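Reading through the structure tokens given below for one structure.
The values are calculated or read from the model by the stated rules, or taken from the named source; none is laboratory data. Every value quoted in this text rests on a predicted model; they were computed, and no experiment measured them. Using ideal geometry, Cβ is built from the backbone for each residue, glycine included, and neighbour counts are taken over all protein chains shown. Surface areas here come from the heavy atoms of the whole protein model, side chains and all, with no ligands, DNA or RNA. Shrake-Rupley method; radii C 1.70, N 1.55, O 1.52, S 1.80 Å.
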Amino acid sequence: MTSPRSPRPSAPVARLIATDLDGTLLRDDKSVSERTVAALAAAEQAGIEVFFVTGRPARWMDVVSDHVHGHGLAICANGAAVVDLHAGGTFLEVRPLERPVALEVVSALRAAAPGTSFAVELTTGIHYEPQYPPFFLDPGATVATAEKLLFEEEPGSAAPVLKLLAQHPELDPDAFLAIAKEAAGDRASFTRSSPTALIEISALGVSKASTLALCCAERGIAAEEVVAFGDMPNDIEMLSWAGRSYAMDNAHPDVITAASGRTVGNNEDGVAVVIEELVAAALEARRQTA
């Protein structure tokens, strides 16, 4: 078991914590441990803002909505949306994937990886093709071809597309991601967070990192003052951008390489372990300047 790397004495005091949820902050049973709840509250009390930064849609944020303090904001759908959890997940900002571009991506992936099926995540919910693994948490979904799901009679008249999801029943997950990037990487952003061959596709330039950077800029917080946590490829850009970053012990190998530090696994409260150290450092810095 790898222990977390302690903050260097010369490192800036953390002003913002950015953490992924599934496989990172949440345990495998999707719960938030008592230790983690206490650590999140202690961070806010110490003046360290906390942002949940996730691939989840806003409607799946109930698991942490009771544990967000202060601003109440979260970054969802891999950076495609900023939502207010204090207001029931209200959208404050949307960075959509334009439908004509999404259709181009669908066409490119059908040609590059035959057998691919698609789902379309909108601000109003998810819809998917007949071959796509059904979302049992979204029983109201429309089932149709991606071309029909993305069609709108008048451009701009339908709900914004947050992301397109592509699933392949046979390919290796990393191989599928590489194929997709080769086929359409000049038109959209591609990543993955599932152990299966499931790709998440956002507008070009949209990622957890780019939206987090915008939120930090609005608050006057530099990248060097951000500490980030993650476990899957959709976290890599965020971990690389933040001044300090931690891969979970259960993380994808590429994530471990990208992060500047490593903490114990999500089932051992690895995020809370580091937050406790960050809070202690912040309180000590405050004591020395008092």
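Residues of the range 258-290 that are hydrophobic (A, V, I, L, M, F, W, C) and without any contact (Cβ under 8 Å) to a residue 60 or more places away in the chain: ALA258, ALA259, ALA280, ALA290. Screening GLY115 on (1) at negative phi; (2) modelled with pLDDT of 95 or more shows it passes everything except condition (1).
Residue count for the range 190-201, restricted to those that are open to solvent by less than 30 Å² (accessible area, probe 1.4 Å) and farther than 14 Å from GLY115 by Cβ: 6. Apart from one condition, ILE126 fits all of (1) within 17 Å of LEU149 (Cβ to Cβ); (2) in contact with a strand residue (DSSP E or B) (Cβ under 6 Å, 6 or more places away or on another chain); (3) modelled with pLDDT of 95 or more; the exception is (3).
Each residue in the range 261-277 was checked for being within 22 Å of the chain's Cα centre (by Cα), within 15 Å of SER245 (Cβ to Cβ) and assigned to a helix (DSSP H, G or I), and 5 pass.
Filtering the range 206-242 to residues that are surrounded by 17 or more Cβ atoms within 10 Å (Cβ to Cβ) and either farther than 17 Å from PHE52 by Cβ or β-branched (Val, Ile, Thr) (or both) leaves VAL206, THR211, ILE221, ALA223, GLU225, VAL226, VAL227, PRO233, ILE236. When ASP231, ASP235 are checked against the criterion of being of a type in the set (Asp, Glu), touching a Lys or Arg at 6+ places or on another chain (Cβ under 7 Å) and over 19 Å from ALA119 (Cβ atoms), a single residue qualifies: ASP235.
Among the residues making up the range 131-162, those that are under 15 Å from GLU98 (Cα atoms), open to solvent by less than 70 Å² (accessible area, probe 1.4 Å) and either aromatic (Phe, Trp, Tyr) or touching a helix residue (DSSP H, G or I) at 6+ places or on another chain (Cβ under 8 Å) (or both) are ALA146, LEU150, GLU152, ALA158, VAL161, LEU162. Suppose the filter is out of contact with any strand residue (DSSP E or B) (no Cβ under 6 Å at 6 or more places or on another chain) and either in a loop (DSSP other than H, G, I, E, B) or farther than 17 Å from MET61 by Cα (or both); does PRO133 pass it? It is true that PRO133 is out of contact with any strand residue (DSSP E or B) (no Cβ under 6 Å at 6 or more places or on another chain) and either in a loop (DSSP other than H, G, I, E, B) or farther than 17 Å from MET61 by Cα (or both).
When the range 250-274 is filtered for residues that are of a type in the set (Asp, Glu), surrounded by fewer than 20 Cβ atoms within 10 Å (Cβ to Cβ) and farther than 15 Å from ASN234 by Cβ, only GLU268 remains.
Please tell me if ASP20 is crowded, with 23+ Cβ neighbours inside 10 Å and among the acidic types (Asp, Glu). Yes, satisfied.
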